[in-house]
Amino acid sequence: MSLFLTEITIANPERDAVETLLAQVSVAASEVAGSLLDAQVSEDLSRIFAVFEHGDAVLLAKSLDTLNIVSTEPAEVRLVGATIEEVREHASGGEYLVEWDLPAGLTMDAYLERKKEKSPLYAQVPEVTFLRTYVREDLGKCLCFYDAPDEEAVCRARDVVGAPVDRLHKLADQTTSTTP
């Protein structure tokens, strides 16, 4: 099975509505032989970053369309820095999510080599823990998850590894942000 990222805009940013929507999204994926692997919610409850295990992006998109939600088309992603089993075991998406719009011309091999080379530099910012990245196979962008005391610490960690921050999101606490 492949992994697919979908970003969902939440129409009713209230905790109960978000929890209900997450349950509906999970059921929709399971009804077409897939599963919701990871779902993290922005602190303002306006967006869900959902990663699914599924064999067919078109079938997954059709299933999500039945929910009448505003979402991006499922984009195939690669998990870097963690295993699928680790994601399943640890529900935390971290406290912060960084979106990085990757530069044109970057190849997956070059991205992965850069990640391998730069990751040890995170040790220079010990208050920040890198958790995982989902990088789109089309290299449109990646989502990087961190535990950190504040946004400034995340930005320092990104500076150390030479990676920009295009958008930075504080994630909702674990009562809202959930991995099924």
* Which of (1) over 21 Å from Pro149 (Cβ atoms); (2) in a strand (DSSP E or B) does Gly105 not meet, given it meets every other one? -> (2)
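Hey, can you tell me all the residues within segment 15-38 that are of a type in the set (Gly, Ala, Ser), in contact (Cβ under 8 Å) with a residue 60 or more places away in the chain and within 20 Å of Glu137 (Cβ to Cβ)?
Ser35
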* To do: State all residues of segment 122-152 that are farther than 23 Å from His90 by Cβ and not charged (D, E, K, R); if no residue qualifies, say none.
  => Gln124, Leu139, Gly140
* The lone exception for Ser119 - which of (1) surrounded by 16 or more Cβ atoms within 10 Å (Cβ to Cβ); (2) under 25 Å from Glu85 (Cα atoms) it fails -> (1)
* Within segment 58-88, tally of residues that are in a helix (DSSP H, G or I), of a type in the set (A, V, I, L, M, F, W, C) and surrounded by fewer than 17 Cβ atoms within 10 Å (Cβ to Cβ) -> 3
* To do: Scan segment 95-116 for residues that are among the aromatic types (Phe, Trp, Tyr) and more than 13 Å from Gly162 (Cα to Cα) and report the count.
  => 1
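When you go through Val165, Val135 one by one, which is the residue that is in contact with a strand residue (DSSP E or B) (Cβ under 7 Å, 6 or more places away or on another chain), closer than 24 Å to Leu37 by Cβ and modelled with pLDDT of 95 or more?
From the options Val165, Val135, the qualifying one is Val135.
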* To do: May I ask you to list the residues in segment 41-57 that are within 12 Å of Phe4 (Cα to Cα) and either part of a strand (DSSP E or B) or under 15 Å from the mean Cα position of the chain (by Cα) (or both)?
  => Phe49, Ala50, Val51, Phe52, Glu53, His54
* Asked: Of the residues that sit in segment 53-79 and are in contact with a helix residue (DSSP H, G or I) (Cβ under 6 Å, 6 or more places away or on another chain) and of a type in the set (A, V, I, L, M, F, W, C), which one is nearest to Val161 (Cα to Cα)?
  -> Leu64
* Quickly run through segment 89-99 and pick out the residues that are of a type outside the set (A, V, I, L, M, F, W, C) and either part of a loop (DSSP other than H, G, I, E, B) or out of contact with any strand residue (DSSP E or B) (no Cβ under 8 Å at 6 or more places or on another chain) (or both). => Glu89, His90, Ser92, Gly93, Gly94, Glu95
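When you look at Asp38, is it among the acidic types (Asp, Glu) and part of a loop (DSSP other than H, G, I, E, B), yes or no?
no
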* Structure fact -> If we ask which residues in segment 3-35 are in a helix (DSSP H, G or I), among the β-branched types (Val, Ile, Thr) and surrounded by 14 or more Cβ atoms within 10 Å (Cβ to Cβ), their number turns out to be 2
* Among what's in segment 153-171 and is in contact (Cβ under 8 Å) with a residue 40 or more places away in the chain, surrounded by 14 or more Cβ atoms within 10 Å (Cβ to Cβ) and out of contact with any helix residue (DSSP H, G or I) (no Cβ under 9 Å at 6 or more places or on another chain), pick the residue that is farthest from Tyr96 (Cα to Cα). => Arg158
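The values are calculated or read from the model by the stated rules, or taken from the named source; none is laboratory data. Everything numeric here is computed off the predicted structure, so don't read it as measured data. Neighbour counts run over all protein chains shown; Cβ positions are idealised from the backbone, glycine included.
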